[in-house]
């Protein structure tokens, strides 16, 4: 389970040590949400690997792995000896048909799971609409 | 001040400190166990504190019997030791009983993703006075080398009277300054280690500054000791001024501790032993805020902490061996 907390300032992430999702993945997913939604903007400095690991009480390598993967996706500048900084990421290349289908399947699975667990369709639709509106802003 | 009066003051100060100890922590901590904020004012908190006060006062009165009944002031160190040991037993019993009631650590952790600013950038300037004090003392000793008597005092009793002497030599004259320098550097190094290896909290800058003020107090104390053969530093000034610096900075931190509403670090209760020893192999922190008292304690599961503290102790021991006892 990945949570991000949307507060005015500063953006925060939350991890769940009991979740079956690996912690580095939770950190990465939570940060990606903040990056996509603009809560973390290009030029923003983020805590160093050491600082975030200390704050979350997890191993340095766990945070290091999350940062490395986000850097590979083009979100972060991790040049040695400098603070980690959010990059102005260029538009990624268009998705292939297979990849688009994969994301569609994942979305459908998620929607089905939410419905199966009792989320009513109007609420679900409202959530999806709000997310889509957020992305198009 | 007579021996009796001095010992009484020290004894009462110690008892007072022990009585205050459960209050020297953030508002969500009771006897080293993390609960919800305001636990000290809850029914259980008030009950434990009341029992603790009675226990400490009873123990202190018992340990003071040799002093009051037979005026045996040689028994003071033994009384101190007895009070300290019994205090730990009492404190431990409260910690153990409260630990059973404490909530388990939540698996959910949270952190801010903005670069948090800590107003600590000019912290190293706080070491400048210590460096200047030690350097000035060294220069003064060099300039007045001829005036230094052939036999210099190297130890003083509680009345500030020398009770041990050594032949004048570089080692005996500059020894106190070297010890002062090492201890000052040690304190400064601890401050840096805390900045590097601990979580950012609202009190951390104050605690590090307090440590640096202590480094200055140490430099001042050892400079006074080094200058004793030349200047008759008045009895109250030598320990008084450094003590004033330490007490002042401590009061400054206590003031902030009283005002803060920020909860304590979310270190799991099950990783604290006796409320005083922290052992958590999952936590990358080298130092964590104390649950009891003011300052930081080591995460005993972190090998870096052992390396740092062990290395520093080794340096102090080596310096001590090098200086040795310059007795005549």
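Just so you know, all these numbers are worked out from the coordinates, no wet-lab data involved. Just so it is clear, the structure is predicted and the values come from calculations on it, not from any experiment. Cβ atoms come from the backbone with ideal geometry, glycine included; neighbour counts cover every protein chain shown.
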| remark: Checked the stretch B:166-203 for anything in contact with a strand residue (DSSP E or B) (Cβ under 8 Å, 6 or more places away or on another chain) and within 14 Å of another protein chain (Cβ to nearest Cβ); matches are B:193, B:194, B:197, B:198, B:199, B:201
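Which of the residues belonging to the stretch B:14-35 are part of a helix (DSSP H, G or I) and closer than 15 Å to residue B:293 by Cβ?
Of everything in the stretch B:14-35, those that are part of a helix (DSSP H, G or I) and closer than 15 Å to residue B:293 by Cβ turn out to be B:14, B:16, B:17, B:18, B:19, B:20, B:21, B:22, B:23.
Identify all residues within the stretch A:74-84 that are more than 12 Å from residue A:48 (Cβ to Cβ) and without any contact (Cβ under 8 Å) to a residue 12 or more places away in the chain; write none if there are none. Working first, answer last.
Here is the first cut: in the stretch A:74-84, the residues more than 12 Å from residue A:48 (Cβ to Cβ) are A:74-75, A:77, A:79.
The answer is A:77, A:79.
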| note | Within the stretch B:82-112, the residues that are within 14 Å of another protein chain (Cβ to nearest Cβ) and touching a strand residue (DSSP E or B) at 6+ places or on another chain (Cβ under 7 Å) are B:107, B:108, B:109, B:110, B:111, B:112
| note | Restricted to the stretch A:27-48 and to residues being closer than 30 Å to residue B:271 by Cα, part of a helix (DSSP H, G or I) and within 10 Å of chain B (Cβ to nearest Cβ), the residue farthest from the chain's Cα centre (by Cα) is A:27
| Failed item, numbered, when residue B:206 is tested on (1) in a helix (DSSP H, G or I); (2) in contact (Cβ under 8 Å) with a residue 60 or more places away in the chain; (3) buried (at least 18 other Cβ atoms within 10 Å of the Cβ) | (2)
| In the stretch B:255-291, which residues are touching a helix residue (DSSP H, G or I) at 6+ places or on another chain (Cβ under 6 Å), buried (at least 19 other Cβ atoms within 10 Å of the Cβ) and away from chain A (no Cβ under 14 Å)? | B:275
| message | Going residue by residue through the stretch A:109-126, is there one that turns out to be assigned to a loop (DSSP other than H, G, I, E, B) and surrounded by 11 or more Cβ atoms within 10 Å (Cβ to Cβ)? | response | yes
